[in-house]
Amino acid sequence: MRGRLFITFLWLTGLSVLITGLFVSFLMKAAYTDSLGERMGKEGQLLAKSLDWESTTPGKANFRRQTRLYGQTLGAHVTLLDGKGNVLSDSHQHQEKNTDLKKIPAVKRILQKKEQGSFERVVTNNQLAVYVPVDYDGVRKGALRITVNLGTINHSLRQVWVSMIIGLVLAYTVAAFVSSRLASRITRPIEEITQVAVDVARNKYHRRIPVKKQDEIGRLATAINRMAAGLRYQLETIRKSERRLTGVIETMESGLLMVDSEEKITVANQAMQRLFDLGSTSLINKFLSDFPVFHELHGLVNHCKESRESVRDELHLYFPTERILEASLTPIWGGETVGMGVVIVLHDITPIRYLEKLRTEFVANVSHELKTPVTSLRGFAETLLDGAVDDPAMRREFLEIIHHESLRLERLIGDLLDLSKIESRKVRLQVAEVIVDDLIRPTVRTMEEELRKKDLQLHIKGEQEFVVRVDPDRFSQIVINLVANAMAYTPAGGSITVTTGLEETSWWLQVEDTGVGIPSEDLPRIFERFYRVDKARSRDSGGTGLGLAIVKHLVEAHRGTIDVESQVGKKTVFTLRFPR
């Protein structure tokens, strides 16, 4: 742009200089010619008055001498005419007889004019001629013609032309320099504006245009600066929103998938890849039908697009693990050019369905556990009412059974209430510092009678003289439940070992028995309510099926962990760890 503007300035300047030069040249030539004609006319009048017409006989040598003298003095061609236009004398003697001036209109006009003191100028054939009337005693005697060759004028003007051309070239040079500077001053802000606009198009918003003047370009620069600042702020806002949205989408536990009208995947989060075990496989810009794991989902997408309504359904996955997913599909209309896409949100409801199953089993187990002692109580009571009360031996036996079943029912209800309180976090631990040995031995001593009846040996090992922070009553409940569970599944002649130990940041309690053991497939479920590995043995021992569930919740209330290891037919080891 700077080059085009500079060339335009040069053309305009050159054209202006050329026109000005031509105009000045013609003006100077006209002015010089007018000035020369005026001077020649006045000189001619002076010569006409100096002629001694009476004493000079026409054609005599005196006229010739006077005209030659006038011609030499003026440096011009001087011709003297009589009243009829005939040549009386000429400063150029060889032209005196060959010149016929009577037919020249200027000669006729000057001889016929009545005014005195007037003259006429005529420019012909590169020659300037001045005609002056010659009057004597008020009578027009003739005329005087003075001619000058314009070649002398052109020679003088040529020198003026040379000087003027030199001046114009200098002026053109100065004008070119000024044009260059002016073009640079005009185009530099425009170039800076262009560069900033290019940077903005390339998402580079840091550059600004320096504003030096508040003219049109300055206002344009200010507007572009504001536009760049506004675009930078808006882009940063959009990027922040995009990062927040991406963060939300990627951290969602639910799977998110978006497909366009061609069923090409446009959005997919990590949860979706995790739910379908796709690993690091990229889903973006791939078709839904390219993945066999999306077969059921593909059918739901087609149904959603056909119905143009939201669709909710459940998907059952069996690989890599069995899962139940709740699928919510919503159609989105992107316009005539984009078509209809679908947003898919998948919620993993496997834990919910599992809890619902546990709840159903819990209700069934509670009903069964309550029904058994109640049925026994009712049956024996009806037997007594039917006449067995009269038999002392039978009456005593039935009453002992009723007493036993009522105690079992009481324990069951008590365990249910304890478990409910613990799970609802309504139980507040009364934490105190206690020596482990002072806590375990008194607790185990209360169970010595039952141990003797079942012919079981109990051993207490490990470091026991360290202080722990626990709730003594609740911790005693943990030990009693674990030992009672070991007693229920250990045959006569077996042994139970309670071991304690201290580590750098924690301490542990271990209860080991030499019982029947637990199959590996039952290990994940032994802490469920009413779950029994050997249901007959547990009922015979008077267990409620809630002991290990209570133990697990009490251990977690003490911020501890519980692990179990077992070998069928050999042993079972429960290990509890608590922070110091």
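The values are calculated or read from the model by the stated rules, or taken from the named source; none is laboratory data. In this text, all values refer to a predicted model and were calculated from it rather than measured experimentally. A quick note on method: Cβ atoms are made from the backbone with ideal geometry, for glycine too, and the neighbour counts reach across all protein chains shown. Areas reflect the complete protein model, heavy atoms only, side chains present, ligands, DNA and RNA absent. Shrake-Rupley method; radii C 1.70, N 1.55, O 1.52, S 1.80 Å.
For the reader, a short list of remarks on this structure follows.
- Test: Val342 is within 32 Å of the chain's Cα centre (by Cα) and not in a loop (DSSP other than H, G, I, E, B): yes
- Counting only strands (runs of 3 or more DSSP E) that sit wholly inside region 437-525, not one has at least 2 residues that are out of contact with any helix residue (DSSP H, G or I) (no Cβ under 7 Å at 6 or more places or on another chain), farther than 23 Å from Lys552 by Cα and among the basic types (Lys, Arg).
- Sub-7 Å Cβ pairs linking a first residue in region 561-573 that is under 10 Å from Ser520 (Cα atoms) to a second residue that is of a type outside the set (Ser, Thr, Tyr) and surrounded by fewer than 13 Cβ atoms within 10 Å (Cβ to Cβ), at least 6 apart or interchain, are Val568/Pro519, ordered by first then second residue.
- Residue that is farthest from His155 (Cα to Cα), among those in region 93-135 that are part of a loop (DSSP other than H, G, I, E, B) and at pLDDT 75 or above: Ile104
- Residue in region 47-68 that is modelled with pLDDT of 75 or more and under 22 Å from Gln159 (Cα atoms) present: no
- Across region 211-264, the number of residues qualifying as touching a helix residue (DSSP H, G or I) at 6+ places or on another chain (Cβ under 8 Å) and of a type in the set (A, V, I, L, M, F, W, C) comes to 12.
- When Gly247, Gly279, Gly255, Gly218 are checked against the criterion of being more than 30 Å from Ile332 (Cβ to Cβ) and either of a type outside the set (D, E, K, R) or open to solvent by less than 60 Å² (accessible area, probe 1.4 Å) (or both), a single residue qualifies: Gly218.
- Search result, residues across region 326-353 that are among the hydroxyl-bearing types (Ser, Thr, Tyr) and at pLDDT below 80: Thr337
- Residue check, Val196 under 58 Å from the mean Cα position of the chain (by Cα) and either open to solvent by less than 80 Å² (accessible area, probe 1.4 Å) or in the same structural domain as Leu51 (by the TED database) (or both): yes
- Scope region 457-488; condition closer than 22 Å to Leu546 by Cβ, open to solvent by less than 30 Å² (accessible area, probe 1.4 Å) and of a type outside the set (S, T, N, Q); matching residues: Val470, Asp471, Phe475, Ile478, Val479, Leu482, Val483, Ala486, Met487, Ala488
- Screening Lys240 on (1) of a type outside the set (Phe, Trp, Tyr); (2) modelled with pLDDT under 85; (3) surrounded by fewer than 12 Cβ atoms within 10 Å (Cβ to Cβ) shows it passes everything except condition (2).
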